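Worksheet for the structure shown next.
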Amino acid sequence: MNPNTARVVECYGRRVVLALTDGKRYPAEVFGKRLRVVCGDEVEIDIDQANSGLQVIRALPRNTHFTRTNAQGQPEILAANITQLVVLMSDHPPSDPFIVDRYLAGAELGGIKALIAITKRDLGNSPEILEHMKKYKQAGYNIFNVSAHDPTTLEPLTQALENEVSMLVGESGVGKSTLTNTILGIHVQRIREISSATGEGRHTTVSSILFDLPHLNGSLIDSPGVRDYAPAPVNDLQIAFGWREFARYSGQCKFNNCLHLREPGCAILAAVTSGQIDQRRHESYRRLVNLMRQLLPSYERH
């Protein structure tokens, strides 16, 4: 990073917080209506002569970007230049595995590594969450069963953060901010208790924030909790690349354009029938195919 560049560590529309080469963080404004930046972006900066502050004048090319479909059905970039997605699941409140699947698919489609962390281990693991752990391991994902209140359980996960720019994602109340606090060793994020009235998590992080992990030569992004998530729209044939376990059967289907839904001679469907691929995971794939078809016009889908 040269003296005229910085990294976006917080973003609030036109206002951002930048990490400069001196290691300090400074507020700045984004110059120009067309320029859009997100947490993790590397940017060029200049001095705003009128306000004697910093301004972002250009975003540098991104190595990766993690996206979602926004409320308008359009792709929206959530973070840039991350190398690893850490998807959090919990029993308290119970996570929706279909949302977890879509997060994993978003990482796969974006060329980003992904792993799963089961949080709140100190409260116990239900048979349901243990079964999910088994199926995700079968699909090829590394699973970490952790408690933010027991640092010894965090050691394997912490090692997985070394030399990575990792982003924590998951539903509201899954424990992202608590886990961030423990990993960093300081109280950097506000934490609220789970709503006793609804059993749902309250949003404690309103914007993605990047923290340095100098002892691990890495960085950690804590993201806002969500009620739902879907990757950016892609065409029919691309969706299967979001399911890691499908790759084992690549090229084995009868038809080259097989969508693995009901086609004869489909190797994926045969693997589901034999138990080599989890039936619920395949149902999750089918749901995402239907969702993407709603978002993309027919000529783009094909």
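The table below lists the values:
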| item | result |
| --- | --- |
| Residue ID - surrounded by the fewest Cβ atoms within 10 Å (Cβ to Cβ), chosen from residues in segment 20-52 that are over 23 Å from Pro214 (Cβ atoms) and in contact with an Asp or Glu (Cβ under 7 Å, 6 or more places away or on another chain) | Glu29 |
| Residue in segment 101-132 that is farthest from the chain's Cα centre (by Cα), counting only those that are farther than 19 Å from Leu179 by Cα and of a type in the set (A, V, I, L, M) | Leu130 |
| Complete set of residues in segment 137-157 that are among the polar types (S, T, N, Q) and either closer than 11 Å to Val86 by Cβ or in the same structural domain as Arg244 (by TED's automatic domain parsing) (or both) | Asn142 |
| For Val165: the one exception among (1) farther than 21 Å from Val8 by Cα; (2) of a type in the set (A, V, I, L, M, F, W, C); (3) at pLDDT 90 or above | (1) |
| Within segment 203-302, helices (runs of 4 or more DSSP H) holding 2 or more residues that are closer than 24 Å to Val87 by Cβ | 236-239, 267-274, 279-295 |
| Residue list for segment 154-167, filter: in a loop (DSSP other than H, G, I, E, B) and closer than 15 Å to Gly185 by Cβ | Leu161 |
| Any hit, segment 117-127, residues being closer than 21 Å to Leu210 by Cα and out of contact with any His (no Cβ under 8 Å at 6 or more places or on another chain) | yes |
| Scope segment 127-153; condition closer than 22 Å to Glu108 by Cα and either without any contact (Cβ under 8 Å) to a residue 12 or more places away in the chain or part of a loop (DSSP other than H, G, I, E, B) (or both); matching residues | Lys134, Lys137, Gly140, Tyr141, Asn142 |
| Residue ID - nearest to Ser166 (Cα to Cα), chosen from residues in segment 1-19 that are under 25 Å from the mean Cα position of the chain (by Cα) and free of Cβ contacts under 8 Å to residues at least 24 places away in the same chain | Val17 |
| Residue match in segment 22-34 (condition: of a type in the set (Gly, Ala, Ser), modelled with pLDDT under 95 and within 23 Å of the chain's Cα centre (by Cα)) | no |
| The listed residue being at pLDDT below 90, small (Gly, Ala, Ser) and farther than 25 Å from Pro231 by Cα, out of Gly73, Gly53 | Gly53 |
| Cross-chain or 6+ apart pairs with Cβ under 9 Å, segment 270-295 first and closer than 17 Å to Gln252 by Cα and in the same structural domain as Glu245 (by TED's automatic domain parsing), then surrounded by 14 or more Cβ atoms within 10 Å (Cβ to Cβ) and among the hydroxyl-bearing types (Ser, Thr, Tyr) | Ala270/Tyr249; Ala271/Tyr249; Gln276/Tyr249; Ile277/Tyr249 |
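The values are calculated or read from the model by the stated rules, or taken from the named source; none is laboratory data. Source: prediction; values computed, not measured. All Cβ positions, even for glycine, are placed from backbone atoms using ideal geometry, and neighbour counts span all protein chains on display.
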